[in-house]
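Following this message is one structure expressed as structure tokens.
Where a number appears in this text, it was derived from the coordinates with a stated rule and is not lab data. In this text, all values refer to a predicted model and were calculated from it rather than measured experimentally. Because the Cβ atoms are built from the backbone with ideal geometry, glycine has one as well, and the counts that use them run over all protein chains shown.
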Amino acid sequence: MRNSIIQAIEQKYLKTENIPQFEVGDTVDVATRIIEGEKERIQVFSGTVIMIKNSGINQLFTVRRIVNNEGVERIFPTHSPFISKVTVRRSGENRRAKLFYLRDRVGKAVRLADKRKVGKKEEAPAPVEKGEPAVAAAT
């Protein structure tokens, strides 16, 4: 339970638009704003989300990718003004909150299975009984 005074102060600093909707195991592209002198550019860091921790203004997520056969992890504050956009490329299926076991894996073993989409099954047409004549389609 958080203090209501702290929550009220933090509320104005939370992002309200473009809130990233992703989970642990998703492959994401994180677009960060980088300011160099007077110039500003956007750099994309893509990888797998291996951890999300804390909540509110303190929420962080860690993204891991392999660069030149070396694992690189970067921690991003979710509500940072320097994060311009987070795009989900793939949703990975997992059963854990933190995927630290991926640090020990190499190559194709790092990939997670795609998350299955759950949807309504289409209803099959009712079977025709033997005694009834077949009804013609709309003419």
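Conditions (1) over 19 Å from K15 (Cβ atoms); (2) hydroxyl-bearing (S, T, Y), marked per residue:
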residue	(1), (2)
I57	no, no
F61	no, no
R64	yes, no
E70	yes, no
T78	no, yes
F82	no, no
S91	yes, yes
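Looking at I35, I5, I42 in this structure, which one is touching a strand residue (DSSP E or B) at 6+ places or on another chain (Cβ under 6 Å), among the hydrophobic types (A, V, I, L, M, F, W, C) and more than 27 Å from D114 (Cα to Cα)? Lay out the reasoning, then the answer.
Details: I35 fails: touching a strand residue (DSSP E or B) at 6+ places or on another chain (Cβ under 6 Å); I5 fails: touching a strand residue (DSSP E or B) at 6+ places or on another chain (Cβ under 6 Å).
After applying the criteria, what remains is I42.
Which is of a type outside the set (S, T, Y), surrounded by 14 or more Cβ atoms within 10 Å (Cβ to Cβ) and free of Cβ contacts under 8 Å to residues at least 60 places away in the same chain, of F76, F82, F100, F22? Steps first, answer last, please.
Values: F82 fails: surrounded by 14 or more Cβ atoms within 10 Å (Cβ to Cβ); F100 fails: surrounded by 14 or more Cβ atoms within 10 Å (Cβ to Cβ); F22 fails: free of Cβ contacts under 8 Å to residues at least 60 places away in the same chain.
Being of a type outside the set (S, T, Y), surrounded by 14 or more Cβ atoms within 10 Å (Cβ to Cβ) and free of Cβ contacts under 8 Å to residues at least 60 places away in the same chain holds for just one of F76, F82, F100, F22, which is F76.
Among the listed residues R89, R74, R95, identify the single one that is in contact with a strand residue (DSSP E or B) (Cβ under 8 Å, 6 or more places away or on another chain) and under 18 Å from K115 (Cβ atoms).
Values: R74 fails: under 18 Å from K115 (Cβ atoms); R95 fails: in contact with a strand residue (DSSP E or B) (Cβ under 8 Å, 6 or more places away or on another chain).
Unique residue meeting the criteria: R89.
Which count do you get for residues in the range 40-61 that are closer than 12 Å to D29 by Cα and surrounded by 14 or more Cβ atoms within 10 Å (Cβ to Cβ)?
Within the range 40-61, residues that are closer than 12 Å to D29 by Cα and surrounded by 14 or more Cβ atoms within 10 Å (Cβ to Cβ) number 4.
I've got another one for you. So, in the range 25-72, how many residues would count as being touching a residue at least 60 places away in the same chain (Cβ under 8 Å) and not β-branched (V, I, T)?
If we filter the range 25-72 for residues that are touching a residue at least 60 places away in the same chain (Cβ under 8 Å), which is where we start, we get 25-29, 48.
If we keep only those that are not β-branched (V, I, T) as well, we get 25-26, 29.
Count: 3.
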